[in-house]
Amino acid sequence: MQQSKTVVLGVTGGIAAYKAIDLVSYLRKRDINVEVIMTKNAAEFVSPLTFRSISGNDVIFDMFQEPRAWEIQHISLAKKADLLAVVPATANIIGKVANGIADDMLSTTIMATNAPVIFAPAMNTNMYNNVIVQENINKLKTLNYEFIEPAKGRLACGDEGIGKLEDINKIAKVITRKLYQKKELIGKTVLVTAGPTIAPIDPVRYITNRSTGKMGYAIAEEALNRGAHVILISGPTSIDVPYGADLIRVNTNQEMLDAVMSNMHESDIIIKSAAVSDYKPEAYSSQKIKKNSDKLSIDFVIDNDILLQVGSKKRENQILVGFAAESQNVIENARGKLLKKNLDFIVANDISAEDTGFASDDNRVVIIDKETELHVEKMTKLQVAAKIFDVIEKRR
């Protein structure tokens, strides 16, 4: 993210105002400049000094306070903003904007900006569901203002229901995604498989592998950042789902095969990063296998080769990317897989490396096609995902 990007953050008077501090911190760590406008009611919940300390910029909370430079501040900030986000957004600010009322610094800046505006509402569930509030929200949506819907849960007032400010990490990802400059995947569908699959032995036991799904989830995140519609088919993981992805959860090889085949024809790009079980028990025991001896022998048979089946059915204009997790002859084995399974690209990585691979946030890979190979040195898995899409875009 380039440092020149500026987010104008509006903080309004709700108990969730304190959560916006974490949002400012998240954005600043990514070199995004944050200019904070607080309403007077918001300043009753959180001191402007707190936001000033985190953002590194003066905080505006009074429309008539002495300006830091000789400029009309709401016009200056409106022009400076690459994006304006209101977090939390009360019913009051939503109603003002929906009805063209500009009577404080935040509402006048929103009226004056041409930048995208995102509201993250937070309020009592009855207030949020009030027909007037919903009409105001729907009106703004038709005018291309965006909303991050509130979550359900226990509210500050003690009520249970919708109205809780959405998780700050999700809000932050929506904001950074809007600022992302590479948008070549708008209008495209990307199918990603991630995580392990399991092969059940009996109702208690199964075999699996060490995949955590981090690489696949990073690929899904990068595709979303670039504007794609993402279908994420995931084996069992404990990772938060990338905001905006259509998630299909599966467990077994067969379930993943069925999900992939059901969705591959609508996909422009298919990236198979899942670590799929190659073998399964020849016979599944419907009852728990009892410990009757010192040894247990189980016969295994080969399971579906999903990548091979997808490669045999892919359309001419589809791009298919596979992964090769190898412990020896990495590039040679990956090239063999590329040709055998009719792939456009294969991403090879050495699973014996101690500082990358399974469970690590980093990876070191080689991106291979029929003619070339790109060696990608150690970097975060999200950065690796960006490299993969850069290579795909160059081909497209």
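What follows is calculated from the coordinates using simple rules that are stated; it is not laboratory data. Treat the numbers as computed from the prediction; the structure is a model and nothing was measured. Note: ideal-geometry Cβ built from the backbone for every residue, glycine included; neighbour counts use all protein chains shown.
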Per-pair calculated FRET efficiency, R0 = 25 Å: Ile132 and Lys40 via Cβ, rounded to 0.05 = 0.60
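Suppose we keep just the DSSP beta bridges with both residues in the stretch 189-395; what percent of those would be antiparallel, to 5?
Around 40 percent antiparallel, to the nearest 5.
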request  = Under 12 Å Cα to Cα from Lys314, which aspartates and glutamates show up? Leave out anything in the same chain fewer than 8 places away.
outcome  = Glu266, Asp268, Asp344
query = What lysines sit close enough to Lys280 to cross-link, taking a C-alpha to C-alpha distance under 23 Å and skipping anything fewer than 8 places away on the same chain?
reply = Lys272, Lys288, Lys290, Lys291, Lys295, Lys337, Lys340, Lys341
query = What angle, in degrees between 0 and 90 and rounded to the nearest 10, separates the Cα long axis of helix 330-340 from the longest principal axis of the Cα atoms of the chain?
reply = 80 degrees
Mean residue ellipticity (222 nm) of the chain, computed from DSSP H runs ≥ 4 via -39,500 (n - 2.57), nearest 500 = -9500 deg cm²/dmol
note = Given unit charges at Cβ for Lys, Arg (+) and Asp, Glu (-), the dipole magnitude of the stretch 6-179 about its Cα centre in debye, nearest 20, is 500 debye
ask   = Calculated FRET efficiency, Lys370 and Leu308, Cβ-Cβ r, R0 22 Å, to nearest 0.05?
value = 0.80
key: Nearest-20 debye value, the chain charge dipole, Cβ charges on Lys, Arg, Asp, Glu   = 240 debye
message = Nearest 5 percent is fine: what portion of the DSSP beta bridges confined to the chain is antiparallel?
response = 30 percent
remark   = Quick calc, Arg315 & Gln181: beta-carbon distance into FRET formula, R0 25 Å, rounding 0.05, result 0.30
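Sorting Leu49, Leu83 on the 10 Å Cβ count, fewest up front, what's the list?
Values: Leu49 10, Leu83 21.
Going from least to most buried by this count: Leu49, Leu83.
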ask   = To the nearest Å, what is the center-to-center distance of the stretch 339-364 and the stretch 256-277, using C-alpha atoms only?
value = 18 Å
Relative exposure of Ser47, Ser55, Ser297, judged by other C-beta atoms within 10 Å (fewest first) = Ser297, Ser47, Ser55
ask   = Fewest to most neighbouring Cβ within 10 Å: what's the order for Leu106, Leu374, Leu143?
value = Leu143, Leu374, Leu106
message = If I stretch the segment between Ser25 and Ile289 completely, what's the gain in nm (0.36 nm per residue apart, minus their alpha carbon distance), one decimal?
response = 89.8 nm
inquiry  = Just to confirm my numbers, what's the Cα centroid distance between the stretch 81-129 and the stretch 302-332 in Å?
reply    = 48 Å
message = Output the 0 to 90 degree angle, nearest 10, between the alpha-carbon long axis of helix 168-179 and the longest principal axis computed from the alpha carbons of the chain.
response = 90 degrees
